[in-house]
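The values are calculated or read from the model by the stated rules, or taken from the named source; none is laboratory data. Source: prediction; values computed, not measured. Methodologically, a virtual Cβ is constructed for each residue, glycine included, from the backbone with ideal geometry; neighbour enumeration extends over all protein chains shown. These accessible areas exclude ligands, DNA and RNA; they are computed on the full protein's heavy atoms, side chains included. Shrake-Rupley method; radii C 1.70, N 1.55, O 1.52, S 1.80 Å.
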Amino acid sequence: MARKLESHSLGLPVFHSALKALQYPAFATRRVGAGAADSNQRAAARCRRGKEAMSEQSVTAQSEDFSRWYNEIVYRADLAAPSPVRGCVIIKPYGYEIWEGIKAGLDRRFKATGHQNAYFPLFIPESYIRREAQHVEGFSPELAVVTHAGGKELEEPLVVRPTSETVIGEAFSDWIQSYRDLPLLINQWANVVRWELRTRPFLRTAEFLWQEGHTAHATHDEAERETLQMLDIYADFAVNDAAIPVIKGEKSKMERFAGALRTYTIEAMMRDRRALQSGTSHNLGQNFAKAFDIRYLAESNNQEYCWTTSWGLSTRMVGAVVMTHGDDKGLRLPPKLAPYQVVIVPIFKDDTQRGAVMDAVERLRGQLDDAGVRVHIDNRDGQSPGFKFNDWEMRGVPLRMEIGPRDVEKNNAVLARRDIPGRKGKQFVSQDGIVAVTRSLLADIQCSLLEDARAFRDAHIADAASYDELRMVIAEGDWARVFWDGDDEDELAVKDETGATIRCFPFDQPGEPGQCVFSGRNTERVALFAKAY
RNA sequence: CGGGGCGUGGCGCAGCCCGGUAGCGCGCACGGUUUGGGUCCGUGAGGCCCCCGGUUCAAAUCCGGGCGCCCCGACCA
């Protein structure tokens, strides 16, 4: 386990301090009309028709049908399996290991900023949920409720948690007496249930795994700092570990968490250019403190309500990794999250060769293993090397190592990078110093995935100066950045007409005033509109 | 909840119109052959044809009823 954690860093840029501002520039945009959408994608779509009946070994092209591509890849790469229950999935070991990587990366950051893990019950008395008015309203349509247990009807139905603000709020009100008990910084890793209508593996399932942090503070400002700090941690994780460039921002009133003062988000652009909210952080103000009587005795000897926050990131992140980096051949996993960073495919004809090849393979494996690289030997008997190459490419392994008789003879190995297709991604290297080469290639792949994703995203965000332009940009499938000073109805109108919603008001603002594309009012704020998952 | 579609070996499907032996591809098992980009051949295992009822000598197929699932329109990490 120690090794596993450690190998997540690989000598790559590691997480430094959650409080430190992130290094990457927020994001770039293009002008409307300039260099429109990917002509590549369309050409590919045209090309592909007619080859319909390609063998079952190949995956539907992204350009042809993105969601079909997604579903196929999720199942074929062995991330998940269908479940007997409605909107649920079985997360298979390969998918779960990605989640474990996500957990490890986040948990480390949470601990580094003083949070502790705890666990609260799955069942929540129905009356708790009702205590915070907006909260009930927000969640009641999607609650699963247990009415019977132990063979009889329960006196009070139990809600299967959709999130835990209420139980935790109740607990906090007991735990917190004095300002000396603050801040209280708690996180829990748990499953939650939301009875969603339309579900997709990882992106939206009836049950999902996540982490929910809950904190209580003495002042509004402190709570606000915590809320923003955790958003920074999410962004830092997304960028540096998952290689997903994200845009930090604030949610509009409509998209705000039920019961929150303010909701912040990191938004990522998937390969089909739809937005995916990949993590959120809420300043809950005193709403829950008042509903659950979370009070502390201040130094002044006065009873004060606490200021609370909550923040969560879920298995949806696995879907984000798939949809951000994946290509027509399948997954492309960032080395820091890849269950296997290197897969070794041994090649031999007969038993003599086998012996020599396997000796070399085992030796190299040992070296990589000792260096903390997650390495796997594919010694399946029935499959040809070619089959294995394709198989591991589909499963997104960053680096493939081929060792055959010729390599053994020359003390070589072949390394093939997943992020560079075909011959160009292949190189012969000496077996001596394999650790250093592997490490540097993995670091390189980690960066190149991030850069790819960033370039793609920036090419598909456009500044729109009018509502017409906004409509155009959205119709193209891109994201539109616009000056916005509309109200809820305006936002709804845009959604009805274009299908796009405000993903966020980015923290990165132009700093100069402009005219709201909808109301015409002057405003300082720009919003990002996009179609979202 | 409104509109469209589908339930047949593990997965993807054909068969249904015109009732009569349940079939194909993939996968799986075994043997051989191959192995540096998805080898090939042979043998084999595996199916209350969603459920209940009806028609008939005979139902996967026709009729009636149920159930389940998927896709498209209102919510969400």
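In the set A:G386, A:G396, A:G404, A:G433, which member is farther than 24 Å from A:V321 by Cβ, of a type outside the set (A, V, I, L, M, F, W, C) and open to solvent by less than 20 Å² (accessible area, probe 1.4 Å)?
Only one candidate passes the filter, namely A:G404.
Among the residues of segment A:277-297, which ones are closer than 18 Å to A:F507 by Cβ and of a type outside the set (S, T, N, Q)? First the steps, then the outcome.
Step one: list which residues in segment A:277-297 are closer than 18 Å to A:F507 by Cβ, which gives A:277-283.
A:G279, A:H282 - these are the residues of segment A:277-297 that are closer than 18 Å to A:F507 by Cβ and of a type outside the set (S, T, N, Q).
Among the candidates A:T324, A:T352, which residue alone is of a type in the set (V, I, T) and away from RNA strand B (no atom under 13 Å from the Cβ)?
A:T324
I need a count of the residues in segment A:495-528 that are under 19 Å from A:R471 (Cα atoms), under 27 Å from the mean Cα position of the chain (by Cα) and without any contact (Cβ under 8 Å) to a residue 40 or more places away in the chain.
The number of residues fulfilling the criteria is 4.
Of the residues A:F288, A:F237, which is closer than 25 Å to A:L337 by Cα and either assigned to a helix (DSSP H, G or I) or β-branched (V, I, T) (or both)?
A:F237
Return the residues of segment A:209-220 that are out of contact with any helix residue (DSSP H, G or I) (no Cβ under 7 Å at 6 or more places or on another chain) and either buried (at least 20 other Cβ atoms within 10 Å of the Cβ) or part of a strand (DSSP E or B) (or both); say none if nothing qualifies.
If the condition is that a residue be out of contact with any helix residue (DSSP H, G or I) (no Cβ under 7 Å at 6 or more places or on another chain) and either buried (at least 20 other Cβ atoms within 10 Å of the Cβ) or part of a strand (DSSP E or B) (or both), then A:W210, A:E212 are the ones that fit.
Any residue at all in segment A:195-215 that's out of contact with any Gly (no Cβ under 9 Å at 6 or more places or on another chain), more than 9 Å from RNA strand B (Cβ to nearest atom), assigned by TED's automatic domain parsing to the domain that holds A:R86 and within 19 Å of A:F110 (Cα to Cα)?
yes
Check every one of the helices (runs of 4 or more DSSP H) wholly within segment A:377-474 and list those with 3 or more residues that are over 30 Å from A:F529 (Cα atoms) and more than 12 Å from RNA strand B (Cβ to nearest atom).
So the answer is A:434-458.
Does A:D496 satisfy the condition of being within 16 Å of RNA strand B (Cβ to nearest atom) and either outside any helix (DSSP H, G or I) or not polar (S, T, N, Q) (or both)? Explain how you work it out, then say what you get.
Working: within 16 Å of RNA strand B (Cβ to nearest atom): yes; either outside any helix (DSSP H, G or I) or not polar (S, T, N, Q) (or both): yes.
Yes, satisfied.
Residues being farther than 23 Å from A:A112 by Cα and open to solvent by less than 70 Å² (accessible area, probe 1.4 Å): count how many of those fall in segment A:177-199.
Residues in segment A:177-199 being farther than 23 Å from A:A112 by Cα and open to solvent by less than 70 Å² (accessible area, probe 1.4 Å): 7 in total.
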